[in-house]
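Remarks on the structure that follows.
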Amino acid sequence: MITKISRIAVIAATLAATIGMSGRASAAGALAVNKCGAYGYSYNYASDAEASEAALRNCQGDECHVVANVTGACAAFYWDDNDHCGAQGWGYANSRAEAEGIAAKYCADYGGANCVLRAWVCDGS
């Protein structure tokens, strides 16, 4: 009797682990920006499409567009604090520090004299 109960317990544990692994939800996020420094971001959504919609809803302005979808990654947005409708940069990478570095570089490369972090988002699975 103990052997039968042990087998059932092992089968149940294996089944639960298999279902848990296959049923994991991915967390999705997004970063949206417009030409004059407005931004919106989202995280913890079930899909890229939902994350993009939320980021666009959170972005103020008519010309907002999604620049990055993030799942298990990060995105950052820098702008020239001296000219909000001037130079911008955004980056996408596996870590926040990498994404910020990319965004800062692009902002400076596009002529930003005083590039500062405007927004960042990270999301994981």
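On the given criteria, is A46 farther than 14 Å from G72 by Cβ, among the aliphatic types (A, V, I, L, M) and at pLDDT 50 or above? Spelling it out, A46 is indeed farther than 14 Å from G72 by Cβ, among the aliphatic types (A, V, I, L, M) and at pLDDT 50 or above.
Taking the criterion of being in contact (Cβ under 8 Å) with a residue 12 or more places away in the chain, over 13 Å from R118 (Cα atoms), part of a helix (DSSP H, G or I) and of a type in the set (G, A, S), the residues of segment 53-102 that qualify are A54, A55. Entry remark, segment 94-110: residues being over 15 Å from V67 (Cα atoms), among the charged types (D, E, K, R) and surrounded by 14 or more Cβ atoms within 10 Å (Cβ to Cβ) number 3 in total.
Return the residue satisfying two criteria in turn: it lies in segment 103-125 and is assigned to a strand (DSSP E or B) and farther than 13 Å from G29 by Cβ, and of such residues it is farthest from the chain's Cα centre (by Cα).
C115
Scoring T3 on the criteria (1) at pLDDT below 95; (2) among the hydroxyl-bearing types (S, T, Y); (3) surrounded by 14 or more Cβ atoms within 10 Å (Cβ to Cβ) leaves a single failure, condition (3). Name the single residue that is surrounded by the most Cβ atoms within 10 Å (Cβ to Cβ) among those in segment 71-83 being closer than 15 Å to I102 by Cα and not hydroxyl-bearing (S, T, Y). Only one residue tops the list, namely A75.
Checking each residue in segment 39-53 for being surrounded by 17 or more Cβ atoms within 10 Å (Cβ to Cβ) and under 12 Å from the mean Cα position of the chain (by Cα) picks out G40, Y41, S42, Y43, Y45, A51, S52.
The values are calculated or read from the model by the stated rules, or taken from the named source; none is laboratory data. For clarity, every value in this text was computed on a predicted model and none was experimentally measured. Here Cβ is always computed from backbone atoms with ideal geometry, including for glycine, and neighbour counts include all displayed protein chains.
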